1. Give the stretch 1-45 a look and list any residue that's under 24 Å from Ser56 (Cα atoms) and hydrophobic (A, V, I, L, M, F, W, C), or say none.
2. Would you be able to tell me the number of residues in the stretch 10-27 that are part of a helix (DSSP H, G or I) and either loosely packed, with under 10 Cβ neighbours inside 10 Å or in contact with a strand residue (DSSP E or B) (Cβ under 6 Å, 6 or more places away or on another chain) (or both)?
3. Would you confirm whether or not the stretch 36-49 contains a residue that is touching an Asp or Glu at 6+ places or on another chain (Cβ under 7 Å) and either small (Gly, Ala, Ser) or open to solvent by 100 Å² or more (accessible area, probe 1.4 Å) (or both)?
4. Pairs only if they're at least six apart or on different chains, beta carbon under 6 angstrom, first in the stretch 38-58 and under 18 Å from Ala10 (Cβ atoms), second open to solvent by less than 80 Å² (accessible area, probe 1.4 Å); list them, first residue then second.
Amino acid sequence: MQELIGKINAEMAAFNEDAQLQSEKANKAAGTRARKSTLNLEKLLKEFRKISLEESKK
């Protein structure tokens, strides 16, 4: 679980950096990376939800 949380935090940091570059400097490549990060975050958060539900049933 801790490893998954670490992955989520790392992906969120990457998203924040790229999203900020896109909004401040109109960096198109950063926008592409930010959108890709949102897809990765979606997968990680679904996995977190699944694991969290399993843990709560114990």
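The values are calculated or read from the model by the stated rules, or taken from the named source; none is laboratory data. Just so we're clear, the structure is a prediction, and the values are computed from it rather than from any experiment. Cβ placement follows ideal geometry from the backbone for every residue including glycine, while neighbour counts extend to all protein chains displayed. Surface areas here come from the heavy atoms of the whole protein model, side chains and all, with no ligands, DNA or RNA. Shrake-Rupley method; radii C 1.70, N 1.55, O 1.52, S 1.80 Å.
1. If we filter the stretch 1-45 for residues that are under 24 Å from Ser56 (Cα atoms), which is where we start, we get 1-9, 41-45.
Of everything in the stretch 1-45, those that are under 24 Å from Ser56 (Cα atoms) and hydrophobic (A, V, I, L, M, F, W, C) turn out to be Met1, Leu4, Ile5, Ile8, Leu41, Leu44, Leu45.
2. Residues of the stretch 10-27 that are part of a helix (DSSP H, G or I), as a first pass: 10-25.
Narrowing further to those that are either loosely packed, with under 10 Cβ neighbours inside 10 Å or in contact with a strand residue (DSSP E or B) (Cβ under 6 Å, 6 or more places away or on another chain) (or both): 24-25.
The total comes to 2.
3. The answer is yes, given that some residue of the stretch 36-49 is touching an Asp or Glu at 6+ places or on another chain (Cβ under 7 Å) and either small (Gly, Ala, Ser) or open to solvent by 100 Å² or more (accessible area, probe 1.4 Å) (or both).
4. Note: pairs meeting the criteria are Asn40/Glu11; Leu41/Glu11; Leu44/Ile8; Phe48/Leu4.
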